[in-house]
């Protein structure tokens with residue numbers, strides 16, 4: 001048989017390609033075989049709190065047994081990109097911060113904002129005008145000033161802005177800050193009161209739109225960049241504290257005809273506008289009305305939501321997030337507020353505080369959420385200050401008389417996400433084979449993958465993390481949350 005030189009060349013090239021592929025596969029297998037996973041845990045009734053406890057190693061395993069519990073992760077499919085995780089810097093938090101010693105202040109800044117020694121917060125919400133977590137009601141203008149000539153943020157320069165600046169410095173100025181109003185000034189409302197709900201009067205729509213612009217300009221002139229704003233905190237809640245009601249149509253029209261164009265004309269088209277900023281239960285309706293209108297939707301960065309539908313005895317309506325995400329995939333979802341319950345110092349050690357947070361965060365992220373903001377970052381020993389006695393829990397409480405810092409387990413549970421899911425991370429396809437563990441997974445921009453797994457049951461759970469044809473075995477103690485990083 002005669003072979004041409006070309007045939008031999010083709011044969012050699014084919015053999016070379018096969019050998020090269022085999023070498024690549026072998027190298028990939030060796031890399032996977034040598035891939036280490038660091039296990040970080042917080043476990044009930046132990047001293048383990050965000051503690052690195054073990055180094056685990058992947059091994060070949062193409063198919064788990066039916067009797068095994070597994071968390072499956074596939075990095076070939078990615079979903080939403082993470083903006084950040086953080087909390088609200090309210091008047092209450094800032095006043096608490098100002099009352100404690102410099103040493104306590106330093107520790108708080110480190111524990112919340114340092115990504116290595118703390119939990120790495122990089123997102124903050126703050127109140128525009130007063131809210132319930134202020135020591136009293138206030139606005140930035142004198143009553144009746146339709147021209148806003150008296151606009152002045154002097155109130156905020158005493159406590160809130162100094163704290164925000166310290167927090168910014170602690171994040172190397174990487175923190176994104178957005179503001180939310182609880183109520184316009186009384187003269188702009190039909191009930192002539194910042195408290196008790198009421199509606200923004202139509203003749204003040206433009207004035208109120210100008211107010212947001214003045215707030216942003218004043219803060220930025222003082223050295224605090226404003227990433228964005230939400231239109232109204234809880235626009236369907238008539239509260240005994242600062243509140244204002246907007247129907248979906250009212251919020252849509254205010255945005256479309258006044259706020260959006262006003263911010264754009266002021267050169268603030270880059271500022272993000274968040275709509276709704278209330279519970280998951282009515283989120284789908286509000287999104288449909290506003291985002292279903294193209295002229296209004298073009299100004300919207302995302303839809304904000306809270307979790308208080310559960311306070312009325314219902315369940316957390318995570319499926320509504322997924323529905324909005326499916327209908328409006330070009331918009332973002334941001335959790336803007338949530339606290340677990342009213343303050344009670346006897347509940348500091350209640351383990352369900354942290355589990356409630358983690359349960360919500362895992363389900364929120366798995367339903368497409370891009371950012372997550374807790375309510376007050378910390379509060380004082382009474383769950384305040386609060387000028388309407390609406391005292392609440394925060395993940396951390398600081399005794400302003402003794403400088404003692406109390407870390408509830410919610411702080412550590414949140415840290416399992418905020419410390420290991422960094423800005424720019426992408427959520428990965430992740431599924432659990434059993435309902436006794438919950439899981440989510442993200443890939444950070446540095447290539448590290450973080451898988452968060454929670455066991456809320458009273459029993460230890462043995463499971464594997466299955467990735468491609470490899471797995472790593474893990475044991476989740478009863479009432480534990482774990483972050484596995486590799």
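The values are calculated or read from the model by the stated rules, or taken from the named source; none is laboratory data. It should be emphasised that the depicted structure is a prediction, and the values quoted were computed from it without experimental measurement. Using ideal geometry, Cβ is built from the backbone for each residue, glycine included, and neighbour counts are taken over all protein chains shown.
Assorted remarks:
- Scoring residue 328 on the criteria (1) over 28 Å from residue 96 (Cβ atoms); (2) in contact (Cβ under 8 Å) with a residue 24 or more places away in the chain; (3) out of contact with any helix residue (DSSP H, G or I) (no Cβ under 7 Å at 6 or more places or on another chain); (4) surrounded by fewer than 20 Cβ atoms within 10 Å (Cβ to Cβ) leaves a single failure, condition (3).
- Among (1) within 22 Å of residue 285 (Cβ to Cβ); (2) in a helix (DSSP H, G or I); (3) touching a strand residue (DSSP E or B) at 6+ places or on another chain (Cβ under 7 Å); (4) at pLDDT 95 or above - the single one residue 309 does not satisfy: (4)
- The residues in the stretch 112-151 that are touching a helix residue (DSSP H, G or I) at 6+ places or on another chain (Cβ under 8 Å), touching a residue at least 24 places away in the same chain (Cβ under 8 Å) and more than 15 Å from residue 208 (Cα to Cα) can be counted, and the count is 16.
- Filter result for residue 108 (in contact with a helix residue (DSSP H, G or I) (Cβ under 7 Å, 6 or more places away or on another chain), touching a residue at least 60 places away in the same chain (Cβ under 8 Å) and buried (at least 20 other Cβ atoms within 10 Å of the Cβ)): yes
- Residue match in the stretch 378-390 (condition: in the same structural domain as residue 138 (by TED's automatic domain parsing), within 17 Å of residue 90 (Cα to Cα), free of Cβ contacts under 8 Å to residues at least 12 places away in the same chain and surrounded by fewer than 17 Cβ atoms within 10 Å (Cβ to Cβ)): yes
- Options 468, 455, 409, 436: the member that is at pLDDT below 95 and either under 26 Å from residue 82 (Cβ atoms) or buried (at least 22 other Cβ atoms within 10 Å of the Cβ) (or both): 468
- Test: residue in the stretch 117-125 that is in the same structural domain as residue 216 (by TED's automatic domain parsing) and assigned to a helix (DSSP H, G or I): no
- Looking at 280, 252, 286, just one residue is in contact with a strand residue (DSSP E or B) (Cβ under 9 Å, 6 or more places away or on another chain) and over 15 Å from residue 230 (Cβ atoms), and that residue is 280.
- Per-region count, the stretch 51-79, residues in a strand (DSSP E or B), surrounded by 19 or more Cβ atoms within 10 Å (Cβ to Cβ) and either touching a helix residue (DSSP H, G or I) at 6+ places or on another chain (Cβ under 8 Å) or in the same structural domain as residue 365 (by TED's automatic domain parsing) (or both): 0
- Selection from the stretch 230-249 of residues that are surrounded by fewer than 18 Cβ atoms within 10 Å (Cβ to Cβ) and not in a loop (DSSP other than H, G, I, E, B): 249
- Meets criteria (surrounded by fewer than 19 Cβ atoms within 10 Å (Cβ to Cβ), in the same structural domain as residue 372 (by TED's automatic domain parsing) and over 29 Å from the mean Cα position of the chain (by Cα)) for residue 191: yes
- Some residue of the stretch 230-250 being on the phi > 0 side of the Ramachandran plot and in the same structural domain as residue 127 (by TED's automatic domain parsing): yes
- The set of residues in the stretch 290-312 that are under 17 Å from residue 331 (Cβ atoms) and surrounded by fewer than 18 Cβ atoms within 10 Å (Cβ to Cβ) comprises 292, 293, 294, 295, 298.
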